[in-house]
1. Computed from these coordinates, which is percent of Cα pairs over 24 Å apart: (1) 71; (2) 49; (3) 38?
2. Under the rule of -39500 (n - 2.57) per DSSP H run of 4 or more residues, summed and divided by the residues of the chain, what mean residue ellipticity at 222 nm is obtained, to the nearest 500 deg cm²/dmol?
3. What's the FRET efficiency of SER52 with THR7 using the Cβ-Cβ distance as r and R₀ = 35 Å, to the nearest 0.05?
4. How much length is gained if the chain between TYR40 and LYS107 is pulled fully straight, taking 0.36 nm per residue apart and subtracting their Cα-Cα distance, in nm to one decimal?
5. Sorted from fewest to most neighbouring beta carbons within 10 Å, what does the list LEU123, LEU98 look like?
6. Please order LEU102, LEU91 by the number of other Cβ within 10 Å, starting at the fewest.
7. What whole number of Å gives the distance from the Cα centroid of region 93-112 to the Cα centroid of region 1-31?
8. For the pair THR63 and LYS146, how long in nm is the line joining their label points, each one 7 Å along Cα→Cβ?
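Just so it is clear, none of the values below were taken in a lab; they were calculated from the coordinates. Being a predicted model, the structure only gives us computed values, none of them experimental. Virtual Cβ from ideal backbone geometry, glycine too; neighbours counted across all protein chains shown.
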Amino acid sequence: MKTHSATPLETFRTIGNKLYVRDNIEQVEKETDEGTNISYTADEYILPTNPSSDDFPNEELATMWWRQSASLSRRKFKIGEAVYKVNGTPLVELIEALLSGLPEPQKTVASISYNESNTFDRLDAFVVQFGQALEMSEEEVDEFFKFCKDEAWK
């Protein structure tokens, strides 16, 4: 179904027990006597609030939704980073080395984020920046989160 709006459209929006997913969002400009009129259009899909990846119209939207909703408890993150290895080195060692090499005040801010967080969200700036600093691809960071959630306990 096509949706139209005078304001920018979000990719994901939950209302009640439905998840509205918008794809192919486009800005449309139309010249009028009063000037330029801007509106937005998108393909809209209505899914259950806890969708599986098969519910999405394409893999890209399923991945975006997974990343937006992926969150780890402090315990799962800390156990996962102790066990998970990047090029043979435990992730915890890489993160601690990276923290120790930061200049102030970034070092203090990053250390607080790392040591005091109760949860680690996949799209949190700390997680994204450390993934980039460790030269991990988006998919590798996803793999780490999935590992922490499902496999680090085995």
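1. Working out percent of Cα pairs over 24 Å apart from the coordinates points to (2).
2. Result for the chain, helices only: -12500 deg cm²/dmol.
3. 0.70
4. Stretched out fully, the TYR40 to LYS107 stretch lengthens by 20.0 nm.
5. Final ranking by Cβ density, sparse to dense: LEU123, LEU98.
6. LEU102, LEU91
7. 39 Å
8. So the two model labels end up 1.1 nm from each other.
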